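Chemist: Provided herewith is a single structure, encoded as structure tokens, for subsequent inquiry.
Taken together, the values in this text are just the output of simple stated rules run on the coordinates, not laboratory data. These figures come from a predicted structure and were not determined experimentally. FYI the Cβ positions are ideal-geometry reconstructions off the backbone, even for glycines, and counts take in every protein chain you see.
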Amino acid sequence: MGVAACGAEDAKSSPTPASTVTVTQSDVPTSVDNSAATEAATSADAGSTEAAEASAPATGGAPIMRFPGDANVNAADFFGPGAGINGYFFQSPSGNVRCGIHFDNPQLPSGCQALVSVRSSDGVSCRNGGNSVYSTQLISGAAVSKCVNQPVFVGGSGNPGQGTVGGRVLQYGQIISSGGATCESAAVGISCWASSVGFTLARDRNDTYAPGYGQTR
């Protein structure tokens with residue numbers, strides 16, 4: 001599957017609004033703490049986020065696929081509470097992309113959501129705020145782009161060593177793996193893989209990859 005990288009020009013333009021995809025029972029447990037959404041929205045410094053990721057433009061092309069054996073951090077250090085559920089939560093160094101993998105509730109897929117991103121490579125457009133933010137999820141052997149209206153992949157401040165909402169920072173070059181999902185933090189964004197499919201999510205990049213894509217070993 002060809003990947004169309006989204007550049008800085010997409011980030012400056014306002015994407016065509018689309019209907020918000022409301023998270024269903026299969027996506028998120030019913031006991032969601034809405035205060036987490038408020039805290040996540042108010043804790044982000046939009047200015048610092050933009051400055052941090054502006055220096056990391058999209059390069060195009062798929063990143064090298066990562067596997068569980070590539071992990072170089074202890075996943076247990078990232079385990080903690082989210083919006084009514086426990087999982088392994090982490091965020092990009094800028095705080096723009098927040099992710100969660102391997103949740104207590106097996107119905108909730110691993111994935112990420114961004115405070116600000118661009119139209120996905122498969123054509124999904126969200127409003128970058130309120131009840132419509134960009135998210136990509138690993139669902140049933142596919143990487144699926146959605147607009148979400150809840151902090152599904154935002155960790156709480158209960159994560160060990162992490163004092164802000166979003167979970168521990170996954171520094172550039174670090175790879176985490178748990179429950180079949182493997183994610184890497186890099187200057188181009190956070191990329192995750194499971195069952196030979198994957199995605200990259202960042203301020204100026206929102207790509208999904210089909211099985212057999214890119215560089216594998």
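Chemist: Quick one: which of 110-116, 146-152, 99-105 comes out on top by average Cβ neighbours within 10 Å, and what's the full order, highest first?
Modeler: Descending mean neighbour count gives 110-116, 146-152, 99-105.
Chemist: First measure r as the distance between the Cβ atoms of Asn131 and Asn74, then evaluate 1/(1 + (r/R0)^6) with R0 = 41 Å and state the FRET efficiency to the nearest 0.05.
Modeler: The formula returns an efficiency of 0.70 here.
Chemist: Counting Lys +1, Arg +1, Asp -1, Glu -1, what net charge surrounds Ile176 among other residues with beta carbon under 14 Å of its beta carbon?
Modeler: Once positives and negatives cancel, what remains is 0.
Chemist: Using just the Cα positions, wrap the stretch 83-217 in a convex hull and report its mean projected area in square nanometres, one decimal place.
Modeler: 7.6
Chemist: How big is the Kirkwood radius of the stretch 85-160, worked out from every pair of different alpha carbons and given in Å to one decimal?
Modeler: 12.7
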